[in-house]
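Structure record follows, encoded as structure tokens.
Laboratory data are not the source of any read-out in this text; all were calculated from the coordinates shown. All figures in this text were calculated on a predicted structure; none of them were measured in a lab. All Cβ positions, glycine included, derive from the backbone under ideal geometry; neighbour counts span all protein chains shown.
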Amino acid sequence: MTTTAREPSTAPHDRSWRLGVRIRHEHRTEVTAGIVIVLVTSLLPFALGSVYWQQAMLLVDLYVAAAVFLNILRGEGGQIHFGLAAVFGAAAYTEGMAATICGLNFWLSLAIGVVIGFVFGTVTALPALRVQSYYLGFITLAVAVVLPAMLLNYNDFTHAASGIPVVSPGMYTTTVWGMNWVDIVAIILAALSFVIHAVVRASRFGRHLKVAADSPEAAASLGMRPGVLRLAAFGLASLGASLCGALYVPATGFISPGAFPFTLSILFYFAVIVGGAGSIVGPLLGIYLLYLVPNVVFSGLAQYRLLIYGCIAFIVMLIFPDGIIGFLRSRFASAGTIDPDLGERLSEAMLSHHADAPLESRRSDEPALTVTDAARQFGNVHALDGASLEIHAGTVHGLVGANGSGKTTLLNAISGFITLDRGSVHVTGQDITTLSATRRARNGLGRTFQAPRVFEDMSLQENLHLDTPPDHQDLDTWQRWDQTSAQALTHGQRRLTELYRVLTRRPSVLLLDEPAAGLSASERDELGQVLTRLAQDGVAVLLVEHDLTLVWNIAHTVSVMELGKVVRTGTPSALADDPVIDSLLGGVSNAQR
Ligand SMILES: Nc1ncnc2c1ncn2[C@@H]1O[C@H](COP(=O)(O)OP(=O)(O)OP(=O)(O)O)[C@@H](O)[C@H]1O
């Protein structure tokens, strides 16, 4: 393997990457399509002078914007929200009551409505810090069911049974084509929602959201806080829904619990799924199909709307499991061609980046990683039973043992994914035993997983550089990797991609869980050279591996585990003749080592 000379940055996109918002071509196309459709469908009724359609499209624009914000949460954050209409309604009701009962002016009432809706939506999503997906979905479902009932029960205060007429002066001033300000603001909000989604998708925050959604463990091992990211996504969706709810008041001039029923939450959710979660323009198609067609075109069937939503969602999901846009994308988008030398290029690039700032300063006599008397029991199984280990900077330390001997459990305990019943973990002398996985990653621990974590919705370039690409990446590589879909990567390339990503965080201790599994012979050689070079650069590498040839070729020290304990540690040559090793590893011949 040769290391290519590093060229000065020529990538015109560097600045946008640094700002974190380089919107991909296909997403720009979707944003443009969304804005054009919103403008045409919203302006046409004014051009034609149809008051009925003007009012219908005003609500449609608000619903589209709310669904797009929900789609950011669903598509980027991977979370389920069955109660967005409750947030929408909380903002609208607060604004309406502030304007009528408290007599505040319109703008102050609107601002209070948005703030309260945002706080309400975010606080009810606080469990996102600990749980995700359907657990959270059911919490939001409860909120969606309870809010309208509460509004009805506090009738004296909310005037719920009769509803509250709200006048919003200023918003009804007529401008061009008979449009008033609320029409204009609703159109702008719907159009802007596509832009906001595209910006989030292209940003560092958006990439982190996706990682946290796809693999919370991988996110934590990269120093991210998946719970906080999930909560931030709920906060963003709540802010968007609150803006829409606050505009609903001047749009209709009337609020009542019946305007924010549970079925509205289901409409938003189904609109996202039917359109295609994660696609920027998908929710617009979903709202048109699920709301506009049954409620406006076939308004006589309004009482069957839940049934209609269900039937349309059922049929669309049956034919297009990834939603309408997902189907179109899979039909027409190409995954890009894979460079046959990609593995070698990745290895070269990761080493050349790493060599920029070798970890010499981290070398010391003190072990880079010390595990002392680690014990962990699962039921009756003593997965770890007093394991101790020392790993030094600048070395590759192999960890071998029969299946079930406790190697992965030890890696999980070191990286903070499980707690220890007994024992301690130190990194360069600092006790990290009680730190979270995220804090450990930020303290210099990096790890890979048995099944490599690659994020298929992202390009190879995004997968490698979740934050920013290095200054010296040349334009040709930048463009090629940006056009390569991660879906097209082979197993070996996925392993190298995951390793590359971990190395961009410059860990001082690298934990690898069976990195050679599934690699070809040449990929294994490539991996061996990369690990040797990393150790030369000062990294402490803990290599859990069943491929003993690789371990014996590159490790400076080898430890053997049996029944949750480290039973042997020594140099490969010293251990090669140890009779215990053969019996533990199932009669491995010397030739294999
Ligand atoms: N979360 C868990 N719950 C229950 N038992 C567990 C759990 N994690 C590990 N174990 C058990 O602990 C023991 C050690 O498992 P571990 O995965 O650490 O072994 P390993 O040496 O990594 O095996 P392999 O080489 O097959 O990956 C096994 O008996 C396993 O079934």
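Can you tell me the FRET efficiency between Glu344 and Ala142 if r is taken as the Cβ-Cβ distance and R0 is 60 Å, rounded to the nearest 0.05? After rounding, the FRET efficiency stands at 0.65. Every helix of 4 or more DSSP H residues in the chain counts as -39500 (n - 2.57), and over all residues that averages to -16500 deg cm²/dmol at 222 nm. Evaluated at q = 0.08, 0.10, 0.14 Å⁻¹, the base-10 log of the normalised Debye intensity for region 25-257, with identical point scatterers placed on the Cα atoms, takes the values -0.32, -0.49, -0.91. Once the Cα-Cα distance is subtracted from the 0.36 nm per residue extended length, the Leu318 to Gln377 segment shows a gain of 16.8 nm. How far, in degrees from 0 to 90, does helix 25-48 lean away from the longest principal axis of the Cα atoms of the chain, to the nearest 10? Once rounded, one gets 10 degrees. Nearest 10 degrees is fine. How inclined is helix 521-536 to the longest principal axis of the chain, computing both from alpha carbons? Once rounded, the angle reads 80 degrees.
Mind checking the angle between helix 323-332 and the chain's longest principal axis? C-alpha axes, 0 to 90 degrees, to the nearest 10. So the inclination is approximately 60 degrees. Taking every alpha-carbon pair under 8 Å whose residues sit at least 6 apart, the chain reaches a relative contact order of 18 percent.
Fewest-first ordering of Asp476, Asp482 by other beta carbons within 10 Å of each residue's beta carbon gives Asp476, Asp482. Taking other C-beta atoms within 10 angstrom as a stand-in for reagent exposure, Phe268, Phe455 fall in the order Phe455, Phe268, fewest first. Take every pair of alpha-carbon atoms less than 8 Å apart whose residues are at least six positions apart; their mean separation over the length of region 527-573 yields a relative contact order of 26 percent. Rounded to the nearest 0.05, the FRET efficiency derived from the C-beta distance between Val51 and Gln483 at R0 = 56 Å is 0.70. Cβ crowding within 10 Å ranks Arg345, Arg501 as Arg345, Arg501, fewest other Cβ atoms first.
Across region 25-257, the relative contact order, built from alpha-carbon pairs under 8 Å that are at least six residues apart, equals 38 percent.
Dipole size of the chain about its Cα centre, with +1 on Lys/Arg Cβ and -1 on Asp/Glu Cβ: approximately 1180 debye, rounded to the nearest 20. Here, the chain has an Rg and a Dmax of 28.4, 92 Å when only alpha carbons are counted. For the pair Tyr154 and Thr100, a Förster radius of 25 Å applied to the C-beta separation gives a FRET efficiency near 0.95, rounded to the nearest 0.05. Each label was represented as a point 7 Å from its Cα along the Cα-to-Cβ direction; for Gln430 and Val580 these points are 3.4 nm apart. Oblate is the label for region 461-511. Its Cα gyration tensor axes, ordered a ≥ b ≥ c, give a/c of at least 1.5 and b/c at or above a/b.
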